[in-house]
Amino acid sequence: MSVDELDTRILRLLLEQPRTSVREYARLLGVARGTLQARLDRLERDRVITGTGPSLSPAALGHPVLAFVHIEVTQGHLDEVGDALAAVPEIVEAFSITGGGDLLTRVVARDNGHLEDVIQQLISLPGVVRTRTEMVLRERVPHRLLPLVESIGRAAGQ
């Protein structure tokens, strides 16, 4: 899907002012409400926009410890282990990867002891061979998409 300059402006507004109404977005962009709604519908249909919910802070929810856990899986059991990971609430993301391990998970915990309990739970899953954990000390670049959107918009405008 190609994103043009108006799409880029829309996405920038959604990221910068996520709680604004469609009517206000249209006013700020200088386009008709129907035009904006059609663009939003297309961006959602094409899965450029994948959600509208709030961003939540695991730390503010009592889970300030963040770690990345690499999981090595017995061949042929990747889907089973992936499905089992979905049942562990402290796993906030999981990805199939290449390199050192088969899965990479982002895990949150209340404290180091709780993290150890979660890792022990992962190790006990059928099909898990071993894990390797990397503790996060400090976030250096928070999750962001605006610089990417702006880069795509600049490329589309050329």
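The values are calculated or read from the model by the stated rules, or taken from the named source; none is laboratory data. Note that the structure is predicted; figures quoted are calculated from it, not measured. Methodologically, a virtual Cβ is constructed for each residue, glycine included, from the backbone with ideal geometry; neighbour enumeration extends over all protein chains shown.
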Checklist line | Selection within the range 14-47 - closer than 14 Å to L146 by Cα and surrounded by 16 or more Cβ atoms within 10 Å (Cβ to Cβ) | finding: L14
Next item on the list: Collect the residues in the range 18-71 that are of a type in the set (A, V, I, L, M), out of contact with any helix residue (DSSP H, G or I) (no Cβ under 8 Å at 6 or more places or on another chain) and over 24 Å from H143 (Cβ atoms), keeping them in residue-number order.
Entry: A38
Note to self: Quick check on my filter: what residues within the range 60-102 are more than 15 Å from S124 (Cβ to Cβ) and within 16 Å of the chain's Cα centre (by Cα)?
What the structure shows: L66, A67, F68, A86, P89, V92, E93, A94, F95, S96, I97
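Condition first: under 30 Å from I119 (Cβ atoms), modelled with pLDDT of 95 or more and aromatic (F, W, Y). Can you find one or more residues in the range 3-26 that meet it?
So far as the range 3-26 goes, no, none of its residues is under 30 Å from I119 (Cβ atoms), modelled with pLDDT of 95 or more and aromatic (F, W, Y).
From the list I91, I119, pick out the single residue that is touching a residue at least 40 places away in the same chain (Cβ under 8 Å), within 18 Å of L66 (Cβ to Cβ), out of contact with any His (no Cβ under 9 Å at 6 or more places or on another chain) and crowded, with 18+ Cβ neighbours inside 10 Å. Walk me through it before giving the result.
On the way: I91 fails: touching a residue at least 40 places away in the same chain (Cβ under 8 Å).
Being touching a residue at least 40 places away in the same chain (Cβ under 8 Å), within 18 Å of L66 (Cβ to Cβ), out of contact with any His (no Cβ under 9 Å at 6 or more places or on another chain) and crowded, with 18+ Cβ neighbours inside 10 Å holds for just one of I91, I119, which is I119.
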Next item on the list: Just name the residue that is farthest from L15 (Cα to Cα) out of those in the range 39-84 that are in contact (Cβ under 8 Å) with a residue 24 or more places away in the chain, part of a loop (DSSP other than H, G, I, E, B) and of a type in the set (V, I, T).
Entry: T74
Next item on the list: Look at V108 and say whether it is of a type outside the set (D, E, K, R) and in contact with a Pro (Cβ under 7 Å, 6 or more places away or on another chain).
Entry: yes
Item checked: Every pair of residues 6+ apart whose Cβ atoms lie under 8 Å, when the first sits in the range 10-22 and is touching a residue at least 40 places away in the same chain (Cβ under 8 Å) while the second is in a helix (DSSP H, G or I) and β-branched (V, I, T) -> L11/V149; R12/V149; L15/V149
